[in-house]
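Engineer: One structure, pasted below without further comment.
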Amino acid sequence: MAEISASIVTYHNSPEMVSHLIRRFRGGGEERKLYVVDNSSNDALRTVAEEAGAEYHFTGKNVGFGTAHNIAIRKALHSSKYHLVLNPDVDFDDDVIPTLQQFMDENPQVGLVMPKVVYPDGGDQNLCKRLPTPFDVFARRFIPGTVKKMLKRRIDSYVCKDVDLTHVTFIPYISGCFMFLRCESLLRSGLFDERFFMYFEDTDLTRRIAREYETVMCPFVLVRHDHGQGSYRDIRLLWVHIIAGFRYFTKYGWIWDAERKEMNSRIIKPLIIK
């Protein structure tokens with residue numbers, strides 16, 4: 001059994017970016033199993049992936065983020081102890097994966113951990129979030145700057161700026177750019193919900209895992225993420241984001257959501273972590 005497997009979902013990413021990330025992941029040991037699931041319209045990345053030792057899967061079309069990762073996760077689920085969901089635009093140092101693996105080994109109650117995520121220049125991306133209400137999502141995305149200043153306290157609370165994140169903290173909404181998952185938790189909670197083409201699939205998965213495990217941010221290691229915020233620049237991605245939000249709140253509740261309230265309240269409670 002491989003201790004750690006990982007999946008990268010690509011969509012016309014540069015060969016250099018993909019090759020670099022594969023080397024980063026595999027640099028700590030040949031026993032690590034890596035899957036590249038390619039949603040591009042051609043298989044130009046096949047040679048790059050296979051020459052670097054990854055198992056390549058070409059979908060032939062863009063099947064979405066969660067659906068593509070599920071292709072790899074289903075293969076890894078019974079042969080790996082941990083599975084790492086990676087965005088192709090992340091970068092990290094050699095100590096990150098061993099540190100997170102040791103953390104998970106020592107804390108079996110944790111089903112999912114994310115390191116601190118920063119921009120390439122070192123700025124905090126604020127990817128630790130509370131489970132949102134529809135208003136939280138609308139306010140952060142659509143309300144103009146002048147009015148948004150009046151809601152700063154609420155928006156800051158949504159992205160946990162009011163929480164001390166200098167120690168390991170329970171977080172009910174962890175970003176899909178870097179998810180270090182215990183495979184046992186996926187067997188119990190299920191994989192990505194494939195009704196979400198992109199956006200909110202990480203919210204949904206974290207929430208389901210958090211029903212039975214701790215889902216945490218570990219600040220002792222960090223990764224760099226060249227986050228593009230595509231839905232802010234592309235009207236098609238904005239529409240995908242809106243549809244995903246509609247499906248998420250239809251699934252969990254637009255107004256009444258007792259589980260959201262309970263999970264968000266757990267953020268400020270101390271964790272017993274080694």
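Engineer: For segment 93-127, how many residues are charged (D, E, K, R) and over 17 Å from H227 (Cβ atoms)? Quick ask: steps written out before the conclusion?
Structural biologist: Residues of segment 93-127 charged (D, E, K, R): 93-95, 105-106, 116, 121, 124.
Next cut, over 17 Å from H227 (Cβ atoms) only: 93-95, 105-106.
Matching residues across segment 93-127 total 5.
Engineer: Here's something else I'd like to know. Which of the residues that make up segment 138-174 are over 20 Å from the mean Cα position of the chain (by Cα) and under 26 Å from W239 (Cβ atoms)?
Structural biologist: Scanning segment 138-174 gives F138, A139, F142, I143, P144, G145, T146, V147, K148, L151, R154, I155.
Engineer: OK, next. Do we have A54 as of a type in the set (A, V, I, L, M, F, W, C), crowded, with 21+ Cβ neighbours inside 10 Å and over 29 Å from V240 (Cα atoms) here?
Structural biologist: Criteria met by A54.
Okay, residues lined up against (1) assigned by TED's automatic domain parsing to the domain that holds D204; (2) within 20 Å of V223 (Cβ to Cβ); (3) hydroxyl-bearing (S, T, Y):
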residue: S14; (1), (2), (3): no, yes, yes
residue: R23; (1), (2), (3): no, yes, no
residue: R26; (1), (2), (3): no, yes, no
residue: R32; (1), (2), (3): no, yes, no
residue: E50; (1), (2), (3): no, no, no
residue: G53; (1), (2), (3): no, no, no
residue: F65; (1), (2), (3): no, yes, no
residue: I71; (1), (2), (3): no, no, no
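Engineer: With the requirement that a residue be buried (at least 16 other Cβ atoms within 10 Å of the Cβ) and either among the acidic types (D, E) or in contact (Cβ under 8 Å) with a residue 40 or more places away in the chain (or both), what does segment 33-51 give you?
Structural biologist: Listed by number, the residues that qualify are K33, Y35, D38.
The values are calculated or read from the model by the stated rules, or taken from the named source; none is laboratory data. Source: prediction; values computed, not measured. For neighbour counting, all protein chains shown are included, and Cβ atoms are generated from backbone atoms with ideal geometry for every residue, glycine included.
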